[in-house]
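Undergrad: Below you will find the structure I want to go over with you.
The values are calculated or read from the model by the stated rules, or taken from the named source; none is laboratory data. These numbers were taken from a predicted model, which means no experiment stands behind them. Cβ: placed from backbone, ideal geometry, glycine included. Neighbour counts: every protein chain shown.
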Amino acid sequence: MDAWGFVQWPAMAVTIYASWMVASTRESRRNQGFWWFLVSNVLWIAWGLHDGAHGLVVLQVALAAMNTRGMLKTTNAVESK
């Protein structure tokens with residue numbers, strides 16, 4: 001496995017950690033989870049581009065957009081209270 005092939009393992013670990021954080025009852029941890037998800041999206045995109053996994057790249061871009069939307073909706077909901 002070359003160095004780029006190794007990127008999938010930290011990407012997987014960051015994705016699991018982000019999922020754990022987003023499921024927290026603490027707002028600050030949930031917010032951190034959104035950011036960790038974006039880090040995992042970048043890692044998966046890098047790995048997918050190197051490996052030619054174009055479907056994975058498109059999926060990660062879509063998931064990053066949904067995570068960004070979720071962050072914005074959460075921020076707007078908190079501000080309107």
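Undergrad: Can you find even one residue in the range 22-34 that is among the polar types (S, T, N, Q), closer than 26 Å to Lys73 by Cα and modelled with pLDDT of 95 or more?
TA: Kept after step one, since they are among the polar types (S, T, N, Q), are these residues of the range 22-34: 24-25, 28, 31-32.
Next, only the ones that are closer than 26 Å to Lys73 by Cα stay: 24-25, 28, 31-32.
Checking the rest, the ones that are also modelled with pLDDT of 95 or more come to none.
Within the range 22-34, none of the residues are among the polar types (S, T, N, Q), closer than 26 Å to Lys73 by Cα and modelled with pLDDT of 95 or more.
Undergrad: If I go through the range 4-30 residue by residue, how many of them are assigned to a loop (DSSP other than H, G, I, E, B), of a type outside the set (Val, Ile, Thr) and either touching a Gly at 6+ places or on another chain (Cβ under 6 Å) or surrounded by 12 or more Cβ atoms within 10 Å (Cβ to Cβ) (or both)? Talk me through it step by step, then tell me what you get.
TA: At the first step, the residues of the range 4-30 found to be assigned to a loop (DSSP other than H, G, I, E, B) are 7, 23-26.
If we keep only those that are of a type outside the set (Val, Ile, Thr) too, we end up with 23-24, 26.
Remaining after also requiring either touching a Gly at 6+ places or on another chain (Cβ under 6 Å) or surrounded by 12 or more Cβ atoms within 10 Å (Cβ to Cβ) (or both): 24.
Of the residues in that region, 1 qualify.
Undergrad: Go through Ala11, Ala18, Ala62 for me and flag whichever is on the phi < 0 side of the Ramachandran plot, touching a Leu at 6+ places or on another chain (Cβ under 8 Å) and small (Gly, Ala, Ser).
TA: Details: Ala18 fails: touching a Leu at 6+ places or on another chain (Cβ under 8 Å); Ala62 fails: touching a Leu at 6+ places or on another chain (Cβ under 8 Å).
Ala11 is the lone residue from the list that is on the phi < 0 side of the Ramachandran plot, touching a Leu at 6+ places or on another chain (Cβ under 8 Å) and small (Gly, Ala, Ser).
Undergrad: Here are the criteria: (1) over 29 Å from Asn76 (Cα atoms); (2) part of a helix (DSSP H, G or I). Tell me which single one Met1 does not satisfy.
TA: So Met1 meets the others, but not (2).
Undergrad: Another one. What are the residues in the range 32-81 that are surrounded by fewer than 17 Cβ atoms within 10 Å (Cβ to Cβ) and of a type in the set (S, T, N, Q), if any?
TA: Gln32, Thr68, Thr74, Thr75, Asn76, Ser80
Undergrad: Six or more apart or on different chains, Cβ under 8 Å: which pairs go from a residue in the range 39-53 that's closer than 19 Å to Met1 by Cβ and free of Cβ contacts under 8 Å to residues at least 40 places away in the same chain to one that's of a type in the set (Ser, Thr, Tyr) and assigned to a helix (DSSP H, G or I)? Could you list them?
TA: From the range 39-53, the pairs are Trp44/Thr15.
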